[in-house]
Protein chains: 2
Amino acid sequence: MTISDVANRAGVSVATVSKVLNRRYGVSASTMSKVQAVIDELGFESSIVARSLRSHRTNVIGILVADLEPFSSEFLKGAGRAIHGSGYELMVYSAGGPGAEHVGWERRNLSRLGGTLIDGAIIVTPTVETPDGTIPSIAVDPQRGRSGLPMVDSDNLKGARVAVEHLLSLGHRRIGFLAGRPDLASAEQREAGYRQALTEHGIEVDPALIQVGAYEQELAADAARSLLTLPDRPTAVFAANDRSAIETLEVARALEIDVPAGLSVVGFDNIPESVMCEPPLTTVDQSIQDMGVRAVEMLLQLLDGKQLDETHVTLPTELVVRQSTAAAPARRRTTSPRPRRPR
Amino acid sequence: MTISDVANRAGVSVATVSKVLNRRYGVSASTMSKVQAVIDELGFESSIVARSLRSHRTNVIGILVADLEPFSSEFLKGAGRAIHGSGYELMVYSAGGPGAEHVGWERRNLSRLGGTLIDGAIIVTPTVETPDGTIPSIAVDPQRGRSGLPMVDSDNLKGARVAVEHLLSLGHRRIGFLAGRPDLASAEQREAGYRQALTEHGIEVDPALIQVGAYEQELAADAARSLLTLPDRPTAVFAANDRSAIETLEVARALEIDVPAGLSVVGFDNIPESVMCEPPLTTVDQSIQDMGVRAVEMLLQLLDGKQLDETHVTLPTELVVRQSTAAAPARRRTTSPRPRRPR
DNA sequence: CTGAAAGCGCTAACAG
DNA sequence: CTGTTAGCGCTTTCAG
């Protein structure tokens, strides 16, 4: 059913129907109600596609994600809450999964949708620098190096430090790191936090204890495995995100290493899955939902023609201690024992 | 940037560029590579909007939801997993929140997107009967009465019965019910399960113990409050979904009723939030992610021109006992005590 | 093998 | 107040 069907049925031109649809002036009351009646009767809704192609205004905000996984799903809950009552609707576009698409999915999708389908965009974990030229956009947890876009992220450096300090306070000295996606600033910051915390406590960073999981299931599992099968394996692992941490839990189980008795694991993100795994994961909370709320609020301001108060919002992170961390096992006689640090 | 820009730059017509874009036959190798070079250089991506308006094929699957809340977010995780490697991309369209939009959002959005933007649709908790005429579609947890669409839901009746039987086995006799959205078949089934379980145990259903929360925060809170301030208040409440159950937890806290000592609460859904609340909620799991997986798989089959093996998939439900339920408090001397049933 | 032209459903000037 | 006309960016006949 198209606008012409309505026009025919109502005995007017398509232009008139369009005017009624958009509540434009210049339609007599009688025509108006006649046309409206036909619209209601037929249940006609104008195609957002055709409309946007012509008018370049849709009242739809786009959220571009690489994949629908726990992080982005959590983000969407916040975005969904923030959009209520704004008059905008939300369109989430998923590039169709990890890996499959090459770097640059967000650029591709933005140009496929932008300028037409959506009035503004929120780009979650973009992989490359996103051009500022097109529609108003916000970057969430972006790639390394400043993008030109306004952005929201969280305090990854501090979060990572607190996580590692927690492990240190439990007496761990050999702490492995499961690194994240090398292109993301957040992952880089988490590694920096790990290094800082160790260095400040007089512990040399052992390159063998750093493996890249890249936030991908298989890679993370491999990385965890090589960490846990090291001759002098770490007594604790800090993973750059919860999914990698949960993967580490799996690998530990397969290797019959008890967590937390034989191995402590800390994650990052505090996705819901971190509570539901066995044992529940000690992790760094980064209030993902709030990121969604803030990103939508910022975009709404931009769309409203307002100036942004802050062009870079950084949300706080916080350690959440659950059951995947415990005091380090008594050290093997490789070096003189050091006193345990108090929590 | 449009296809004409590419055509100009490459010194060919738009038609030729289009052919290259779509890998159509009838382009010489040299022209092909020349045009492709320009496309790559400019980073051109054809507008999905313009393309779909003309060609009616987009390789995009639409998921229509009323709102992005825990249930739909969980559903999306499953859908996201199932789409990997299918060659399709996912577009989630949220009607913009609860209540705001009237009944029939799914019909409206379907006709706004359908036939053009998306090749097929998954409609989550539709409110009205959805016409089958348009594009291939799957209904998830639909309204009461059979819709013409293939559907996936879960065994709500049995789940509700098991939930109530759990409460009965703990010695509860006055069990309140916080009903769901009256238009959903699932909500109806959960109420039916509640009634059945009580009746089978020789307990008369007290209408005063049934309040409608309609899955909406405010309404659910009001309903819970009226239940818990009843002169002879129930010792347990079965809520038709987790969000209502969590709301009940809040109300109980406000009324200084201890859960589970003074009140047992059971939810339905097993959304991640049910683990994170205080106390963790005993609930009925309905593997929401699996619903997402199945719905996508079914739609993919439909899109592939295949016949569906099953036109109505019902997933199992399972009781998950956590800390919000406990033995009923000693009964007041209103009637002779009955022996406690074993679990 | 290539390009001109028509048209997808709609909106926005502009004439009548 | 109403209808005619010209596109939005793209694909698709169909001539050349």
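Structure above, values below:
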{"read-out": "Among the candidates B:75, B:44, residue that is more than 7 Å from every other protein chain (Cβ to nearest Cβ) and within 25 Å of residue A:292 (Cα to Cα)", "value": "B:75"}
{"read-out": "Residues located in the range A:67-88, provided they are over 9 Å from the mean Cα position of the chain (by Cα) and among the aromatic types (Phe, Trp, Tyr)", "value": "A:88"}
{"read-out": "Qualifying residue in the range B:47-63 (condition: within 28 Å of the chain's Cα centre (by Cα), surrounded by 23 or more Cβ atoms within 10 Å (Cβ to Cβ) and of a type in the set (D, E, K, R))", "value": "no"}
{"read-out": "Hey, residue A:27 of a type in the set (A, V, I, L, M, F, W, C), within 16 Å of DNA strand C (Cβ to nearest atom) and crowded, with 21+ Cβ neighbours inside 10 Å or not", "value": "no"}
{"read-out": "Only listed residue being buried (at least 18 other Cβ atoms within 10 Å of the Cβ), within 16 Å of DNA strand D (Cβ to nearest atom) and at the interface with chain B (Cβ under 9 Å from one of its Cβ atoms), chosen from A:86, A:111", "value": "A:111"}
{"read-out": "Residues that are part of a loop (DSSP other than H, G, I, E, B), of a type in the set (Asp, Glu) and more than 19 Å from the chain's Cα centre (by Cα), drawn from the range B:192-220", "value": "B:204, B:206"}
{"read-out": "Test: residue B:167 is touching a residue at least 24 places away in the same chain (Cβ under 8 Å), crowded, with 20+ Cβ neighbours inside 10 Å and part of a helix (DSSP H, G or I)", "value": "yes"}
{"read-out": "Residue in the range A:57-72 that is within 8 Å of chain B (Cβ to nearest Cβ), within 15 Å of DNA strand C (Cβ to nearest atom), in contact (Cβ under 8 Å) with a residue 60 or more places away in the chain and in contact with a strand residue (DSSP E or B) (Cβ under 8 Å, 6 or more places away or on another chain) present", "value": "no"}
{"read-out": "Contacts under 6 angstrom Cβ, first residue in the range B:16-27 being under 16 Å from residue B:54 (Cα atoms), partner within 8 Å of DNA strand C (Cβ to nearest atom), 6 or more apart", "value": "B:17/B:7; B:19/B:27"}
{"read-out": "Among (1) over 16 Å from the mean Cα position of the chain (by Cα); (2) over 18 Å from residue A:185 (Cβ atoms) - the single one residue A:274 does not satisfy", "value": "(1)"}
{"read-out": "Meets criteria (within 8 Å of DNA strand C (Cβ to nearest atom) and within 24 Å of residue B:119 (Cβ to Cβ)) for residue A:47", "value": "yes"}
{"read-out": "Scan of the range A:248-283 for residues that are more than 12 Å from residue A:324 (Cα to Cα) and touching a residue at least 40 places away in the same chain (Cβ under 8 Å), ordered by number", "value": "A:268, A:269, A:270, A:271, A:272, A:273"}
{"read-out": "Flag if residue A:106 is crowded, with 18+ Cβ neighbours inside 10 Å and within 7 Å of chain B (Cβ to nearest Cβ)", "value": "no"}
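Read-outs: derived from the displayed coordinates by stated rules, not from any lab. What you see is a predicted model, and the numbers here were worked out from it, not measured in a lab. Cβ sites come from the backbone with ideal geometry, for glycine too, and all protein chains shown count toward neighbours.
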